[in-house]
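Trainee: Sharing a structure below in structure tokens format, with a few things to ask.
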């Protein structure tokens, strides 16, 4: 196969993969999307042709899939468009080596799943649009995530493509179709098993009454200090609307509390060191926080607790410096802080610059990039891990145990598995999709929430700035969403829900073992591919 034909086949697979993701939603294509790329990767006549098939496949897949990143800034989009396809090249390299001894029905899923797992690792963790997430419209098949997470679905989808490659290689010979028949049988059994597993939640009870505020604040308004009064007015209006349902907890989305929050810093630390003419000291930030909470409490009433996404400054490299964090704070009915979570997974290129620590050249590069980042912060500090916070209700002896996460955290299973192991009752995601109006990003995030619910058998409450605010049940099914005039996004309103809580603290295989099987698979696939490569190099 000539290089141009191999690149065309790679582009065809990239287009099929992009069409199958949540959003476009042509998910049945996931069963065959890798076939053109696998054939080209294997049959290209030259190394250049093989690399072209791999890289073009990655570019055509990732560019439309994460195009919404360009709405922040090209500084966030271009690195993903350039670097993410390298993992497809990595998959192609492993596939071609493993294919020398294995049928495509085994070599392709091993290589593809291993590359997806490696893509989720530091220093550039990016598990976005794993192939397995395409299963979310078929929830019974997605139920297998309780055994092996989304990578188990990635393995099955890739195995389906591999079986088709084996069948094509055999022409009309019936025995060559045996792998395809076997994979079809496995998928049918998997859907039956997954359906049974995802419904094995047991009895559930009504959780606390939670009012999620969706202010629908455009990012241009949120970042404009002149518009602070309008921003606060929306929150106060929604708070009064929420108070009518007498909720136990009111939730404000990611970074939507107007005042900056300062913790564990000396009162005279300046939070705006670059603006010496107009310093903003920690004591002033704490005064503004108390004043805003007092005004908000007049709208909320005396009963509800408050969980709010905040922009928080904490200690930096030295006691005299402050470093930002993307956090969630739980306040009790007297506006006292009783718990906090700091975002664990920061968006590479938007909230952090991997491999560049504080100080020195790292700070210089961040300052140079700042004019091109549309308000994103490149030097945020990550949180230490999952947190389980206790919400106490009047007349209820046992506190409700909730686990907050923030935005990009939703694409990772670990914070949810860790929280489930600690005994949380349900998850709450605070997010701001105001950066990405009318984009597929919202569909992706909703799909990830469904998988997180299936993996832990805990409900997931989503409270977002612009949508989709909803509650996903422990079985992964959408229970309720905020809808206005037929729209679930770019709307303002309050979603009041009572998340279903399993009464028997269920667990799943995936919650217990996590990604250990995929770590082993990646190691075996890599060692196997490298060994076969070395043997091939020594052979005549």
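Trainee: How long is the gain from residue 48 to residue 199 if the chain were fully straight, where each residue apart is worth 0.36 nm and the alpha carbon distance is subtracted?
Mentor: Working: separation 151, 0.36 × 151 = 54.36 nm, distance 4.86 nm.
Result: 49.5 nm gained on full extension.
Trainee: Treat the count of other C-beta atoms within 10 Å as a stand-in for reagent exposure and order 229, 246 from fewest to most. It would help to have the intermediate numbers written out before the result.
Mentor: Values: 229 8, 246 12.
Arranged by neighbour count, lowest to highest, 229, 246 become 229, 246.
Trainee: Moving on. So for 335, 515, 268, fewest C-beta neighbours within 10 Å to most, what's the order?
Mentor: Lowest to highest Cβ neighbour count: 268, 335, 515.
Trainee: Once every DSSP H run of n ≥ 4 in the chain is given -39500 (n - 2.57) and the sum is divided by its residues, what mean residue ellipticity at 222 nm do you get, rounded to the nearest 500 deg cm²/dmol?
Mentor: After summing the helix terms and dividing by the residues of the chain, the value is -14000 deg cm²/dmol.
Trainee: Please give the Cα centre distance for region 463-533 versus region 136-156, rounded to the nearest Å.
Mentor: 11 Å
Trainee: Using 0.36 nm per residue of separation minus the Cα-Cα distance, give me the extension gain between residue 317 and residue 181 in nm, one decimal.
Mentor: So the extension gain works out to 43.1 nm.
Trainee: Would you mind computing, in nm to one decimal, how far apart the modelled labels at residue 8 and residue 272 are, each placed 7 Å from Cα along Cα→Cβ?
Mentor: That separation, rounded to one decimal, is 5.9 nm.
Trainee: If region 1-95 were replaced by its equivalent ellipsoid, with semi-axes equal to the square roots of 5 times the Cα gyration tensor eigenvalues, what would those be, largest first, whole Å?
Mentor: Square roots of five times the eigenvalues give 23, 16, 9 Å.
Trainee: Nearest 10 degrees, 0 to 90: what angle lies between the long axis of helix 282-300 and the longest principal axis of the chain (Cα atoms)?
Mentor: 90 degrees
Trainee: Then there is this: When the Kirkwood radius is taken over all Cα pairs of the chain, what Stokes-Einstein diffusion coefficient follows at 4 °C and 1.567 mPa s, in µm²/s?
Mentor: 53 µm²/s
Trainee: Rounded to the nearest 5, what % of the DSSP beta bridges within the chain are antiparallel ones? Present the calculation step by step, with values, prior to reporting the outcome.
Mentor: Working: 35 of 56 bridges.
If we restrict to bridges inside the chain, about 60 percent are antiparallel.
Trainee: Give me the angle, in degrees from 0 to 90, between the Cα long axis of helix 228-243 and the longest principal axis of the Cα atoms of the chain, rounded to the nearest 10.
Mentor: 90 degrees
Trainee: Residue separation times 0.36 nm, minus the C-alpha to C-alpha distance between residue 480 and residue 230: what's the value?
Mentor: 87.1 nm
We did not get these values from a lab; they are worked out from the coordinates using the rules stated. These numbers were taken from a predicted model, which means no experiment stands behind them. Neighbour counts are summed over all protein chains in view; Cβ atoms, including those assigned to glycine, are modelled from backbone coordinates with ideal geometry.
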